[in-house]
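The values are calculated or read from the model by the stated rules, or taken from the named source; none is laboratory data. What you see is a predicted model; the values in this text were computed from it and never measured. Every residue, glycine among them, receives a Cβ derived from its backbone with ideal geometry; neighbour counts consider all protein chains shown. Areas reflect the complete protein model, heavy atoms only, side chains present, ligands, DNA and RNA absent. Shrake-Rupley method; radii C 1.70, N 1.55, O 1.52, S 1.80 Å.
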Amino acid sequence: MGSHVPQLDLMRLVQPFGVTIDLAEGTMRSPDKHQVRRASVMRGYYADQEALERLIAERGDPVHYETFEKHVPEEYGHLVFGLTQLQPGVVGEECFMTKGHYHTVAGTSEIYVGLRGQGYMLMKTPPDAQGRSQCVAEPLVRNRLVYVPPYWAHRSVNTGDEPLVALYVYPGEAGHNYGDIETEGFPKRIFKVQGREVIR
Ligand code: PA5
Ligand code: NI
């Protein structure tokens, strides 16, 4: 009587929970979802396609990156969170990276907190009427939080010698749109040339 608490749908009520995350190592205890992406899923993404084929053949399609999550409903009101771990290395001279995506609900944002390793969050806007996009490379390292605003596609890039690990959080309804990045690509790529980072 007189309560301001909205009617709860008890069937859909999710129980609070905690999860142990080792912030130094970048590992999650007992994840519910473990997604593994091997090098072969990156066909079409790197500038030097032959170098990627050699890597797949010579190293037996090695793990490229992984995500670890606890189960959270992918719907409005929830926050999906997890850890992403991207291996170090180069394809030709281009640093290992994730596929990258826009969110399906384009007006949703995301935060990344760097836990381990050295790299960048590469972000781009959809092309304007002239086909031009803005593109920003924001350092993703330990003790740094990167805000990915609504509408920006995002991809992480590992420029270091150890796995690049980050914690991410985004709205449950966001979804992943990979198709547009598959066709558009990013205007900038990140290379390691004679030990030096080059963004071009
Ligand atoms: O939603 C995110 O941005 C992350 O969880 C990424 O999905 C994760 O880093 C893997 O990258 P991608 O989805 O581009 O393959
Ligand atoms: Ni995202």
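7 Å from Cα along Cα→Cβ at both V36 and Y76: what's the point-to-point distance in nm?
Using points 7 Å along Cα→Cβ, the separation is 3.8 nm.
Averaging the inverse of every distinct alpha carbon separation and then flipping it gives the Kirkwood radius. What is it for the stretch 145-200, in angstrom units?
Numbers: mean 1/r = 0.0718 Å⁻¹.
When all Cα pairs of the stretch 145-200 are included, the Kirkwood radius is 13.9 Å.
Is the shape of the stretch 46-103 rounded, prolate or oblate, going by the alpha carbon gyration tensor and its root eigenvalues a ≥ b ≥ c, with a/c under 1.5 for rounded and a/b larger than b/c for prolate?
prolate
May I ask you to give the solvent-accessible area per residue for the chain, in square angstrom, as obtained with a 1.4 angstrom probe? Write out the running numbers ahead of the final one.
On the way: 11180 Å² over 200 residues.
Ligands and nucleic acids excluded, the figure is 56 Å² per residue.
Which value in Å is the Kirkwood Rh of the stretch 1-137 over different Cα pairs? Walk me through the numbers on the way to the answer.
Details: mean 1/r = 0.0543 Å⁻¹.
Every distinct Cα pair counted, the radius reaches 18.4 Å.
How high is the FRET efficiency from V193 to E58, r the C-beta distance, R0 22 Å, rounded to 0.05? Can you show the working numbers first?
Working: r = 22 Å, r/R0 = 0.99.
It comes out at approximately 0.50.
Treat each spin label as a single point 7 Å out from the Cα along the C-beta direction, and report the E184 to E162 distance in nm.
Distance between the two pseudo-spin positions: 3.4 nm.
Once you put a point 7 Å from the Cα of K99 and another 7 Å from the Cα of H176, both along the Cβ direction, what distance in nm separates them?
Result: 0.6 nm between the two label points.
Could you let me know the centre-to-centre spacing of the stretch 139-200 and the stretch 23-93, using Cα atoms, in angstrom?
The stretch 139-200 and the stretch 23-93 have Cα centres spaced 12 Å from each other.
Rounded to whole Å and sorted largest first, what semi-axes of the equivalent ellipsoid does the C-alpha gyration tensor of the stretch 1-67 yield via the square root of 5 times each eigenvalue?
Equivalent-ellipsoid dimensions as semi-axes: 45, 17, 10 Å.
Over the stretch 1-144, with every protein chain in place, what whole percent of the accessible area is carbon and sulfur at 1.4 Å, could you tell me? If you can, show how the numbers build up before the last one.
Values: 4340 of 8480 Å².
Of the solvent-accessible surface of the stretch 1-144, carbon and sulfur hold 51 percent.
Where does each of 169-180, 92-103 land if you order them by average Cβ count within 10 Å, highest first?
With the highest mean Cβ count within 10 Å placed first, the list reads 92-103, 169-180.
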